[in-house]
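Taking it in order: structure first as C-alpha cells, then the write-up.
The values are calculated or read from the model by the stated rules, or taken from the named source; none is laboratory data. On a predicted model such as this, the values are computed, not experimentally measured, just so you know. All Cβ positions, even for glycine, are placed from backbone atoms using ideal geometry, and neighbour counts span all protein chains on display. Each accessible area value is taken on the protein alone, full model and side chains, heavy atoms only, with ligands, DNA and RNA left out. Shrake-Rupley method; radii C 1.70, N 1.55, O 1.52, S 1.80 Å.
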Amino acid sequence: MLIINLKNSLNKIFVIIAICFIVSCTDEPYYEAASNLDTELLSLLNSNSNGQGLDYFILPNSTDYLNIPQDPNNPLNASKVELGKMLVHETATGGNPKMEAAQNSYSCASCHPVAAGFYSGNLQGIGEGGSGFGFNGDNRILDANMPVDSIDILPIKVPSLLNVAYQDVMLWNGSLGGTGINAPFVAQNANTIPENLLGYQGLETQGMVGQTAHRLKIDEEFAIEYNYKDMFDAAFPDFAESERYTKVTAGLAIAAFNRTLLANQSPWQNWLKGDYYEMSTQEKKGAILFFDKAQCVNCHTGPALKSNNFYALGMGDINHSNGTVINQQDFEFKRLGRGGFTNNSNDNYKFKVPNLYNLKSNQFYGHGGTFNSIQEVITYIVSGEKENEIVPDSQLAPEFTNLNLTTQEIIDLTAFVENALFDPNLERYVPASVFSGNCIPNSDEQSQIDLGCN
C-alpha cells in the first residue's frame, strides 16, 4: 500500500512539475490578455447580432439541411446534393465546346477549384480554352491553339462558392435570381436572362444559366452515357421522367450542392462554438477591430460575414489588372455593377459584398483583381481613397471613408481575416472520382500532367 501511495504521489508531483514547466515557458500575460479579449469580443458580438447572440454568426453543419438557407422551390436532400457534387466536378459535362479538342476537358470546378477555396486560382477563371492547372489553378493559361475570341473567360474576378447559401442573388451585379430584390427587374431583363422568369433564387438560376454560358451539356444523353441516370432518379423522383434529365434539374442539383459549401471548420467558427484557443491573440484583436473600430460588420455580418447589399468602393476593373477582355460590350456591362442589371444609374459601380472566408487560397482580390494580398485590399478599404477614376465620387458608399487605422491595427485585422476565417479542410467537398473517370477539375492534356492523373 505504501508503494502504491508513493507511486501516486510521484505521479502528482510529475504533473505539477510539467504544468509549471509549461507555464514558465509561456508568456502568462498572453493568457490573461486572451481571456480579456474573449470577453470583449463576446460583448461586441452580442451587440451586433440583432438580439440573437452567437448563433447569429455560426454556420450550420453541411448536412444540417433544415438550417441551411435554401430555395423553397428546391428543398435540399442528400441525393440532390450528392448529384450536384459530382456534376460540379465532372469534366464530361464539358460537352458543348466551340473547339472539338476541348470536349470533356472542363467543368464548373475549372473556375471554382477547391485548391483555391472555390475561387479561381488565377486572375480570371477559364473554362473551355484553358490549359493547365498549376498548384491551385494559378497556372491555368489561355490555350495557344484556340482562337482568343472563342475562349471562355470572364472579364471579372470569379467569386468563391463558399457560403453562397447566404446569397439571394448571384454574380457581382446580382443579376441572377428571379425573386426577392430582383423581382422588379425580371421582366426588363427577360431577353438576356430568361431563366430568371422561372422564379428560382440566385443559386438555382446560376446553376442553369452557367450551363449555357460555360458550354456545358447535361441532358438525358449525358446521364445515360456517363451513368448518372440513377442519381438523377434518386434526386428528382417527383419530376416526370421526361423532365428529369435536363438543364433545369442539373441546375437545381448544382445549386443544392453549392449551398452545402460552408466554411464551418474555420478557427473563427470553432471559437464561436466555445474553443477559445482556436484563435491567437492577434487574431482576436483583429476580430475586435472587425466588429468595432474598422466597421467591417456594417457590411459583413451573419454566419457568412457578408450581405446581399451592393456598394461602390471605387475599385479597379479587370483592365486595370491587365486582364483579358474578349467581349468589350460584356465588359462594359459588368463594370457597371448593379446598375448594368437594374438600368438605374444610382446603382452604377456598385458590387455585391463578397465572401471573406478562405481568401488566402488565391492571390487576386476585388472584382477587378487589382489587389494581390489581403492586407493590401484591407488597407485600401479603410483608406477611403478610390483607385478607379471612372467611378464618380458621388457614387462612392458613405461607408468608404478613412477610418484612421494604425499600421498595427491593419496587420491585426488582416490576421483575423486571413487565418481565423480559413477552413483548412475543404477537400471534404470534392468527390474522390467522377463516373467518366476523367481528371478533375480539368482534363486537358496539361492539366492532367499538373494534377498527376494523366
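Numbers below:
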item: With all protein chains modelled, accessible area of residue 367 [1.4 Å, Å²]; result: 10
item: Per residue value of the accessible surface for the chain (all protein chains in place, 1.4 Å probe), Å²; result: 44
item: Kyte-Doolittle at least -1.0, axis length at least 20 Å by Cα - qualifying DSSP helices, the chain; result: 2-24, 28-47
item: Cα centroid separation, segment 184-210 to segment 315-350 (Å); result: 19
item: Relative contact order (percent, whole number), the chain, Cα cutoff 8 Å, 6+ residue spacing; result: 22
item: Kirkwood Rh in Å, taken over segment 358-454 so that all alpha-carbon pairs contribute; result: 16.9
item: Carbon plus sulfur fraction of accessible area for the chain, probe 1.4 Å, in percent; result: 52
item: Compactness relative to 2.2 N^0.38 Å, alpha carbon Rg of the chain; result: 1.07
item: Centre separation in Å (Cα based) which lies between segment 241-293 and segment 391-454; result: 13
item: Cα-centred dipole magnitude for segment 315-438, charges only on beta-carbon of K, R (+1) and D, E (-1), debye, nearest 20; result: 400
item: Hull volume in cubic angstrom per residue (convex hull over the Cα atoms of segment 132-216); result: 116
item: Computed [θ] at 222 nm, deg cm²/dmol, the chain (DSSP H ≥ 4; -39,500 (n - 2.57); rounded to nearest 500); result: -9500 deg cm²/dmol
item: Radius, Kirkwood style, for segment 76-180 when every pair of distinct Cα atoms is counted (Å); result: 14.8
item: For segment 294-419: relative contact order, % (alpha-carbon pairs under 8 angstrom, 6 or more apart); result: 29
